[in-house]
1. Quick check on the range 68-100: of everything there that is among the hydrophobic types (A, V, I, L, M, F, W, C) and surrounded by fewer than 20 Cβ atoms within 10 Å (Cβ to Cβ), which residue is farthest from the chain's Cα centre (by Cα)?
2. On the given criteria, is PHE274 in contact with a His (Cβ under 9 Å, 6 or more places away or on another chain), free of Cβ contacts under 8 Å to residues at least 40 places away in the same chain and either charged (D, E, K, R) or assigned by TED's automatic domain parsing to the domain that holds TRP251 (or both)?
3. Test ARG60 against the stated conditions and say whether it is assigned by TED's automatic domain parsing to the domain that holds ALA16 and either within 25 Å of SER213 (Cα to Cα) or modelled with pLDDT under 95 (or both).
4. Among the residues of the range 291-337, what is the count of those that are buried (at least 19 other Cβ atoms within 10 Å of the Cβ) and hydroxyl-bearing (Ser, Thr, Tyr)?
5. So is GLY133 surrounded by 23 or more Cβ atoms within 10 Å (Cβ to Cβ) and under 30 Å from ARG239 (Cβ atoms) or not?
6. When the residues of the range 223-244 are narrowed to those that are over 16 Å from the mean Cα position of the chain (by Cα) and not in a loop (DSSP other than H, G, I, E, B), which ends up nearest to ALA263 (Cα to Cα)?
7. Of the conditions (1) over 14 Å from the mean Cα position of the chain (by Cα); (2) free of Cβ contacts under 8 Å to residues at least 60 places away in the same chain, GLU103 fails just one. Which one is it?
Amino acid sequence: MSAAPRISVLMPCRDAAAHLTEAIASLEAQTFRDFEVIAVDDGSRDATPHLLQQWSRRNRAVHVLSTPGHGLVASLEAARLAASGAILARMDSDDISHPERFEQQLLLLDAEPDIAACGSRVRYFPQDVVQDGARRYESWINGLVTPDSIERDLFVECPIPHPTLMIRREVLAGVGGYRDNSWPEDYDLVLRVWAAGHRMSKVPGVLLDWRESADRLSRTDPRYSEDSFRRCKVHWLRRTLLRRQDRVVIWGAGPVGKSFARAFAAIGIATVAFVDVDPRKIGQMIHGAPVIPATGLFDYAGVFAIAAVGSAEARAEIRASLAAIGRRELREYCAVA
């Protein structure tokens, strides 16, 4: 029997013919060659099956599975269970991996055995499609490279671009593989990896071109809506940082803070106060809780604080204020968005 490859690439495909050839070419150009590809055709109605079979015929390391339109999570799980490599790497059928992607990510994992998973920086493309919101997200996610920065912003948004994920096989199996919830499967996975006590990192270079389009699943499926992301965050906050809490103070009396207060209330966590710096809001009642100035936090010394604002600049100011009064991040407060 031949030895298992070091890396197994999990590549779900559905009606991907328009860009699949580019994705395949980027994998064939990898400088690290010891990998297999588990490509799952999930009920495609275009030329995807033909393109995958062509690829498989010319490359024995490409294995094609077929599923009858069961969806992304089922495809990922089918690929995971068929994989033989000790390292699993994600690849989407419309993105482009840079030639050194696998080599650089594997170097990181080999050099740092305490890192369970890693990603890389990304570049959205094509330029004429990418809008300001995507550019802001690209800037934010590319700013999170070290394990500490990734952990700190874990509840702001998903800090690992899923198409760049490379994870140790036993870690993914240990947290239960991919799960089909009513929220983003990639974010749920990253939160489970963290909740299990693992650390994640990034290669500090752009190693993937991430295709943007109006019909991306993350733009059209309700599992990736703002509400779904929020429910996912609150669910995992309840199981981790808030497992011994039934009250929170929310810093931010705007739309973000109010939406989190409602989400917390739905799972039995009461918001006892809102903190805000706007003098027009101080003294008001929101969802039965008073809006207080920052100095009022001393009256809630034992209550976990949630910094709930959409602006990165406002988040930095809140962090500085909480640190100045001795609050410890991820122990006595955390940031969300």
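1. Among those residues, the one meeting the criterion is ALA82.
2. yes
3. Judged against the criteria, ARG60 is not a match.
4. 1
5. When the stated conditions are applied, GLY133 does not pass them.
6. The extreme case among them is ARG238.
7. That leaves (2) as the condition not met.
One line per residue, one yes/no per condition, for (1) more than 17 Å from ALA335 (Cβ to Cβ); (2) among the β-branched types (Val, Ile, Thr):
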| site | (1), (2) |
| --- | --- |
| LEU241 | no, no |
| PRO255 | no, no |
| ALA261 | no, no |
| THR271 | no, yes |
| PRO279 | yes, no |
| GLY283 | yes, no |
| HIS287 | yes, no |
| PRO290 | yes, no |
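The values are calculated or read from the model by the stated rules, or taken from the named source; none is laboratory data. Computed from a prediction, not measured in an experiment: that's the story for all the values here. Positions of Cβ are backbone-derived with ideal geometry, glycine not excepted, and every protein chain shown enters the neighbour counts.
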